[in-house]
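All remarks here apply to the structure that follows.
The values are calculated or read from the model by the stated rules, or taken from the named source; none is laboratory data. Worth saying up front: this structure is predicted, and the values here are computed from it rather than measured. Glycine also receives a Cβ, built like all others from the backbone with ideal geometry; neighbour counts cover every protein chain displayed. Just the protein is used for accessible areas: all its heavy atoms, side chains included, with ligands, DNA and RNA removed. Shrake-Rupley method; radii C 1.70, N 1.55, O 1.52, S 1.80 Å.
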Amino acid sequence: MKTASILGVQFHAVTKKQAVELAMSKLRARQKGYVVTPNPEIVDLCRRDPEFMGIVNHAALVLPDGIGIIYAAKILGEGLPGRVPGIEFAEELCAAMAKENMRLFLLGAKPGIAEKAGTNLCAKFPGLVLAGTHDGYFKKSGEESDAVVSAINASGAKLLFVCLGVPVQERWITDNREKLTAARVCMCLGGSLDVYAGVAQRAPKFFVDHSLEWFYRLMKEPKRIGRMMKLPKFLFGTYLAKIRGKA
Ligand code: UDP
């Protein structure tokens with residue numbers, strides 16, 4: 001698979017449709033792997049934390065979430081076909097799984113949210129089987145964590161959405177990969193369950209289609225300006241890394 005290196009993170013150069021096909025072939029072939037969807041903030045985190053960079057680059061699929069990654073690819077002359085937001089990729093994967101009556105487990109978010117998200121996903125994609133859910137507020141190691149792993153294994157789910165926020169979700173999957181015996185594909189999805197459950201909203205279609213989701217969020221939450229400034233900083237850092245030959 002072709003990759004595009006953005007400041008050390010190796011993104012897979014695939015469209016959303018190709019990514020869904022790849023994940024489905026893994027699910028059918030009983031191969032194991034996890035999927036991550038880094039945005040500029042996650043790439044920054046990887047640069048500061050080489051161990052986390054290793055976790056991200058070890059994923060079976062590394063998909064570009066956010067327009068910032070696409071701009072950075074352009075600056076570096078790397079080819080990426082376009083954004084593949086995790087939240088959209090996961091929904092299309094559910095649509096494909098529904099046709100084969102595959103089982104899904106949802107892990108994360110506040111109590112009650114994963115159940116609601118599961119009910120909504122199953123209503124939207126008839127045929128999809130909700131194998132189980134668990135909230136994300138448990139100790140991420142030791143007995144409590146092992147009990148969550150056992151519940152996932154017992155559910156027989158082939159696909160697992162892990163929605164605990166970055167970098168907790170990526171680390172939790174890595175720490176438990178060997179113990180997770182039934183799930184073939186694990187997907188890191190941040191706050192997506194809140195959106196599927198209907199308690200958080202994405203930007204309206206116009207903003208999503210025009211890569212202006214960041215602008216919509218800024219209008220809704222002006223205090224995000226500090227976070228927003230990270231994007232021009234990230235792009236400037238990418239440009240500097242390029243001219244210094246360190247990209
Ligand atoms: N969360 C969780 N367990 C925790 C901490 C957070 O399940 O110990 C959930 C939280 O309820 C939210 C999600 O993880 O649903 C994080 O969402 P956010 O949008 O902040 O994540 P990001 O995608 O930015 O990492």
Looking at Ala73, Thr181, Gly198, which one has the Cα that reaches farthest to the positive end of the dipole of the chain (charges on Cβ: Lys, Arg +1; Asp, Glu -1)?
-> Ala73
For the chain: accessible area per residue (Å², 1.4 Å) | 48 Å²
What is the extension gain from Lys32 to Asn101, computed as 0.36 nm multiplied by their sequence separation minus the C-alpha to C-alpha distance, in nm to one decimal?
-> 22.9 nm
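Averaging over every viewing direction, what projected area does the convex hull of the Cα atoms of the chain cover, in nm²?
For the Cα atoms of the chain, the hull's average projected area reads 12.9 nm².
Count charges around Asp146 for me, please; just the other residues with Cβ under 13 Å from its Cβ, Lys/Arg as +1, Asp/Glu as -1. Provide the component values of the computation, followed by the final result.
Numbers: positive: Lys139, Lys140, Lys179; negative: Glu143, Glu144, Asp175, Glu178.
Surrounding charge for Asp146 is -1.
Explain nothing, just the number: dipole magnitude of the chain about its Cα centre with +1 on each Lys and Arg Cβ and -1 on each Asp and Glu Cβ, in debye rounded to the nearest 20. Display every interim value, and only then the final one.
Details: 35 positive and 23 negative charges, 116 e Å.
Rounded to the nearest 20 debye, it is 560 debye.
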Find how many whole Å separate the alpha carbon centroid of the stretch 85-151 from the alpha carbon centroid of the stretch 1-73.
-> 21 Å
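Taking 8 Å as the Cα distance limit and 6 or more residues as the minimum spacing, I'd like the relative contact order of the chain as a percentage. Let's see the in-between values first.
Details: 426 pairs, mean separation 54.0, N = 247.
Normalised by residue count, the contact order of the chain is 22 percent.
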Please report the base-10 log of the normalised intensity I(q)/I(0) for the stretch 162-247, using a Debye sum with one equal scatterer per alpha carbon and no solvent, at each q in 0.13 (1/Å).
-> -0.70
Count charges around Pro38 for me, please; just the other residues with Cβ under 13 Å from its Cβ, Lys/Arg as +1, Asp/Glu as -1.
-> -3
Run through all the Cα pairs of the stretch 105-226 and give the fraction in each 5 Å bin from 0, expressed as whole percent.
-> 2, 11, 18, 21, 17, 13, 9, 7, 2, 0
Cβ-based charge dipole, the chain, positive-most Cα from Val62, Ala131, Gly112 = Val62
For Lys99, list the lysines whose Cα falls under 25 Å from its own Cα; do not include residues on the same chain fewer than 8 positions away.
-> Lys16, Lys17, Lys26, Lys32, Lys116, Lys124, Lys158
What percentages, rounded to whole numbers, describe P(r) for the stretch 70-121 computed over all alpha carbon pairs with 5 Å bin width beginning at zero?
-> 4, 15, 18, 18, 13, 9, 10, 10, 3
In the chain the DSSP beta bridges are antiparallel at a rate, in percent to nearest 5, of 15 percent
Dipole magnitude (debye, nearest 20) for the stretch 114-203, charges at Cβ of Lys, Arg, Asp, Glu | 320 debye
By the gyration tensor of its Cα atoms, with a ≥ b ≥ c the square roots of the eigenvalues, what is the shape of the stretch 153-197: rounded for a/c under 1.5, prolate for a/b over b/c, or oblate?
-> oblate
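Expected output is a single nm value to one decimal: the length gained when fully extending between Arg177 and Lys220, i.e. 0.36 nm times separation in residues minus the C-alpha distance. What is it? Intermediate results must be reported in sequence, preceding the final value.
Values: separation 43, 0.36 × 43 = 15.48 nm, distance 3.81 nm.
Length difference between fully extended and current span is 11.7 nm.
Measure off, as a whole percent, the carbon and sulfur share of the 1.4 Å-probe accessible area of the stretch 81-159, all protein chains present. Write down the numbers at each step before the final one.
On the way: 1860 of 3490 Å².
Exposed carbon and sulfur together represent 53 percent of the surface.
Full-extension gain between Arg47 and Ile75, please, as 0.36 nm times their residue separation minus the C-alpha to C-alpha distance.
Numbers: separation 28, 0.36 × 28 = 10.08 nm, distance 1.77 nm.
Extending this stretch completely gives an extra 8.3 nm.
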Mind checking which lysines have their Cα closer than 17 Å to the Cα of Lys110? Skip sequence neighbours fewer than 8 apart in that chain.
-> Lys139, Lys140
In nm, to one decimal, how far is the modelled label at Ala154 from the one at Leu212, with both set 7 Å along Cα→Cβ?
-> 5.0 nm
